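Derivation of every value follows stated rules applied to the coordinates shown; laboratory data play no part. Note that the structure is predicted; figures quoted are calculated from it, not measured. Virtual Cβ from ideal backbone geometry, glycine too; neighbours counted across all protein chains shown.
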Amino acid sequence: MWSWVLHRITGVAIYFFLLVHILDTALVRVSPEAYNAVINTYKTPIMGLGEAGLVAAIGFHALNGLRIILIDFWSVGTKYHRLMFWAVIALWVVLLAGFLPRHLMHVFGG
Amino acid sequence: MTAPVIEGQVAPPSGVESFTVTMMIRRFDPEKDAEPYWQDFDVQMYATDRVLDALHKIKWEQDGTLTFRRSCAHGICGSDAMRINGRNRLACKTLIKDLDISKPIYVEAIKGLPLEKDLIVDMEPFFESYREIQPFLIASSKPEKERIQTVAQRERFDDTTKCILCAACTSSCPVFWTDGQYFGPAAIVNAHRFIFDSRDEGSQVRLDILNDREGVWRCRTTFNCSEACPRGIQITQAIAEVKQALIRG
């Protein structure tokens, strides 16, 4: 059940990100200056942490999404759902271990 | 009714170790209470006692107004599914010693169905979904002789024949909690039992019923149902098989 709860939470979070993302990217059609002004306000440590959270959410949602596809389409998927959940978590941790140090250095390194 | 009463009165042989457990029971009397509330009872129990025995002891010795369903008391009739320490189980199949007795044992009615009194819910929405999937053999030939089946054909739906309609699965499903229109795992399990039965000719009818917004596609594979089933039916797998049958035609 918790994989499903996390999937739902990350899914809704990604949805709200996409909403904002489409709006700010569309700004470039309105005026490049306005676009630059908005993008510059994102360059704060708080937004940096938000980006880390966003990558974490997308990483989990994508990997767990593959797990759900396997549960639905692979004949023994339901049998190994728990194992696959831990595989998702393991892959997710590896992914974040590669990304987070570099990203946080970039955000807080000045 | 007489046998359990006598059993309750027999003094246990001396020297058998007993322990006191606190039972926290979620009470609700629609005639008196606006909201359900938790009430605690201390009961003396033995290692062989089940949660159902504790409920009996409370009802017979402490508070006769405690209301719950039970019939066979041996895990067959499916009457006493309840939420015990946050998990749906049959009270008659849950040994108290297997739970953490250093803390109170929380017992409440199953969720997602209308609460009627104490541990009793209105099962009608549950049985309505069950009836809707036509849980009976549909065959055009007259039953003049046996309908022969191979071992493999029988094996195909063996798991889903075990259902006792206790509603532990359906009332553990988060989709069912928020969307009462969803058929729920139990109805799909019982559809599966006939869809994959080689003697049955109504598979397409049932697949059409389940190929609905509120049918199998509502399943979000949370696996709560498989974990709740007191008969160990691989429910999520059964639902996945129905989904696959719908996709492959």
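Odds and ends about this structure:
- C-alpha center-to-center spacing [the range B:229-244, the range A:23-67] in angstrom: 40 Å
- Fluctuation leader among B:Lys103, B:Lys57, B:Lys32 - chain B, Gaussian network, Cα springs under 10 angstrom: B:Lys32
- Label-to-label distance, nm, for residues given as B:Met24 and A:Ala90 (7 Å Cα→Cβ offset): 3.7 nm
- Among the residues of B:229-241, the average count of other protein chain beta-carbon atoms within 10 Å of the residue beta-carbon is 2.
- From helices alone, the protein assembly as shown scores -15000 deg cm²/dmol at 222 nm; the rule is -39500 (n - 2.57) for each run of n ≥ 4 DSSP H residues, then divide by the residue total.
- For B:Lys162 and B:Arg213, a Förster radius of 30 Å and the Cβ-Cβ distance give a FRET efficiency of 0.60, rounded to the nearest 0.05.
- More than 18 Å apart - percent of Cα-Cα pairs taken over the range B:97-150: 65 percent
- In this calculation the C-beta distance from B:Ser203 to A:Leu70 is compared with R0 = 30 Å, giving a FRET efficiency of 0.70.
- Take each residue in A:69-81, count the other chain C-beta atoms within 10 Å of its C-beta, and the mean is 4.
- Rounded D (µm²/s) - the range B:114-249, Kirkwood Rh over Cα pairs, Stokes-Einstein at 37 °C, 0.692 mPa s: 213 µm²/s
- Here the label points at B:Cys72 and A:Ser31, each 7 Å from Cα along the C-beta direction, are separated by 7.8 nm in the simple model.
- Size estimate for chain B follows the Kirkwood approach: the inverse of mean 1/r over distinct Cα pairs works out to 19.8 Å.
- Entry note: the protein assembly as shown has Rg to Rh equal to 1.08, where both radii use alpha-carbon atoms and Rh is the Kirkwood radius.
- Percent of Cα pairs exceeding the 17 Å cut-off, where the set is the range A:1-95: 60 percent
- Applying a 4.7 Å Cβ-Cβ cutoff to the protein assembly as shown, the cysteines left without a disulfide-compatible partner are B:Cys92, B:Cys163, B:Cys166, B:Cys173, B:Cys219, B:Cys229.
- Cβ-derived FRET efficiency at R0 56 Å, B:Ala139 paired with A:Met105, nearest 0.05: 0.20
- ³J(HN,Hα), Karplus 6.51/-1.76/1.60, whole Hz, each residue of the range A:83-88, x for Gly, Pro: 4, 5, 4, 5, 5, 4
- Our coupling estimate for the range A:16-29, obtained by passing each phi through the Karplus curve with A = 6.51, B = -1.76, C = 1.60 and θ = phi - 60°, is 5, 4, 4, 4, 5, 4, 5, 5, 6, 5, 5, 4, 4, 6 Hz, Gly and Pro reported as x.
- Exposed-loop-free span, longest in chain B, where GluC sites (Glu not before Pro) count as exposed if DSSP calls them loop and at most 10 other C-beta atoms lie within 10 Å: B:32-143
- Pairs with C-alpha atoms separated by more than 21 Å, drawn from the list B:Lys32/B:Lys117; B:Lys111/B:Lys243; B:Lys57/B:Lys117; B:Lys93/B:Lys162; B:Lys93/B:Lys243, are B:Lys111/B:Lys243; B:Lys93/B:Lys243.
- For the range B:41-53, backbone phi angles converted through the Karplus equation (6.51, -1.76, 1.60; θ = phi - 60°) give residue-by-residue couplings of 9, 9, 10, 8, 10, 10, 4, 8, 7, 9, 4, 4, 5 Hz, Gly and Pro being listed as x.
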